[in-house]
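Here is the structure we will look at.
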Amino acid sequence: ELSEFYYRQILIEDKLSDAIRNKEMYLYYQPQVDVERNKIIGLESLLRWNNRELGNVSPGEFIPIAEQKGYIIEIGNWVLEESLKTFNSWQQKGFDLETISINISSIELSRKNFRDNLVNLCKKYNVPHSKVKLEITERTLMINSEDNKKKIDGLIIDGFKIALDDFGTGYSNLKTMIDFFVHTLKIDKSLIDKIESKSSQVVIKAIIALSNYFDSEIIAEGVETKEQLDILIKLGCKRIQGYYFSKPLPEQEVE
């Protein structure tokens, strides 16, 4: 079993180096729905990889290897450009969307030219900064936090929006809310899965109250059932992302 595990790791590492060049990577988009208006208000772009030898490889498996081996910079640049190019196409077609959400790793954020590259891509594809939401985890903020704070503050001044992903997991820290202006808190699926329990409801209600105090919006991730949706609405969460409304879809199916 160990041998198979390490062999697969080596194989993923080997195939990743040519994945973009071989056009094996593609993006799916998952709608974010405002349930009060019954309207899709944004989409999160999600990276997918299909290799001839490996088949479909989950991001949870290949992203850590890409970060460890340095491929994440090229992959991250490709995701940014593809996301903004697609969003530009949707703007031209008249789709009324508030934001496109793009996941950013700590390694990407630490690059000196990350901001300049993002600004240039927005200019290239005529996407207003206010339409771009960068999704980061608290773990990313904790790494070299002073330096990251300056970079994130700079991005916010430029008009970009920041979403804190996986909020409510073991890394959640109230200090983050004080140190960083976060436009969106994304309640993690692990809390939604247990939403029928009173303790989970108390935590979610507290997160919503916290977001109201800091003037941040809330999106609940991983909502799969009508029961989960009803409880979230009752607790005051009006923005939903998950299989209840839609799984991640290719560009044409989103349209």
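Annotations
- Taken together, the residues in segment 194-212 that are more than 24 Å from His183 (Cα to Cα) and not in a helix (DSSP H, G or I) amount to 3.
- Within segment 1-12, being open to solvent by less than 60 Å² (accessible area, probe 1.4 Å) and touching a helix residue (DSSP H, G or I) at 6+ places or on another chain (Cβ under 9 Å) holds for Gln9, Ile12.
- Single residue of Lys189, Lys226, Lys247 found to be under 15 Å from the mean Cα position of the chain (by Cα), open to solvent by 40 Å² or more (accessible area, probe 1.4 Å), at pLDDT 95 or above and not polar (S, T, N, Q): Lys247
- Cross-chain or 6+ apart pairs with Cβ under 7 Å, segment 197-225 first and in contact (Cβ under 8 Å) with a residue 12 or more places away in the chain, then among the aromatic types (Phe, Trp, Tyr) and open to solvent by 30 Å² or more (accessible area, probe 1.4 Å): Val223/Tyr244; Glu224/Tyr243; Glu224/Tyr244; Thr225/Tyr244
- Of all residue pairs spaced 6 or more apart or on separate chains, those with beta-carbon atoms under 9 Å, a first member in segment 110-131 that is farther than 18 Å from Ser89 by Cα and a second member that is open to solvent by 60 Å² or more (accessible area, probe 1.4 Å) are Ser110/Ile143; Ser110/Asn144.
- Residue match in segment 88-99 (condition: open to solvent by 60 Å² or more (accessible area, probe 1.4 Å), in contact (Cβ under 8 Å) with a residue 40 or more places away in the chain, farther than 15 Å from Gln252 by Cα and within 19 Å of the chain's Cα centre (by Cα)): yes
- Test for Lys15: is it more than 24 Å from Trp90 (Cβ to Cβ), touching a strand residue (DSSP E or B) at 6+ places or on another chain (Cβ under 8 Å) and open to solvent by 40 Å² or more (accessible area, probe 1.4 Å): yes
- Test: residue in segment 138-149 that is open to solvent by less than 60 Å² (accessible area, probe 1.4 Å), assigned to a helix (DSSP H, G or I) and at pLDDT 95 or above: no
- Within segment 150-186, the set of residues being part of a helix (DSSP H, G or I), surrounded by 14 or more Cβ atoms within 10 Å (Cβ to Cβ) and at pLDDT 75 or above comprises Lys151, Ile152, Asp153, Leu155, Ile156.
- Top-ranked residue in segment 20-30 [being of a type outside the set (S, T, N, Q) and more than 18 Å from Leu84 (Cβ to Cβ); ranked as most open to solvent (accessible area, probe 1.4 Å)]: Lys23
The values are calculated or read from the model by the stated rules, or taken from the named source; none is laboratory data. Every value quoted in this text rests on a predicted model; they were computed, and no experiment measured them. Note that we place each Cβ from the backbone using ideal geometry, even for glycine, and neighbour counts take in every protein chain shown. Just so you know, the surface numbers come from the protein's heavy atoms only, side chains and all, with ligands and any DNA or RNA stripped out. Shrake-Rupley method; radii C 1.70, N 1.55, O 1.52, S 1.80 Å.
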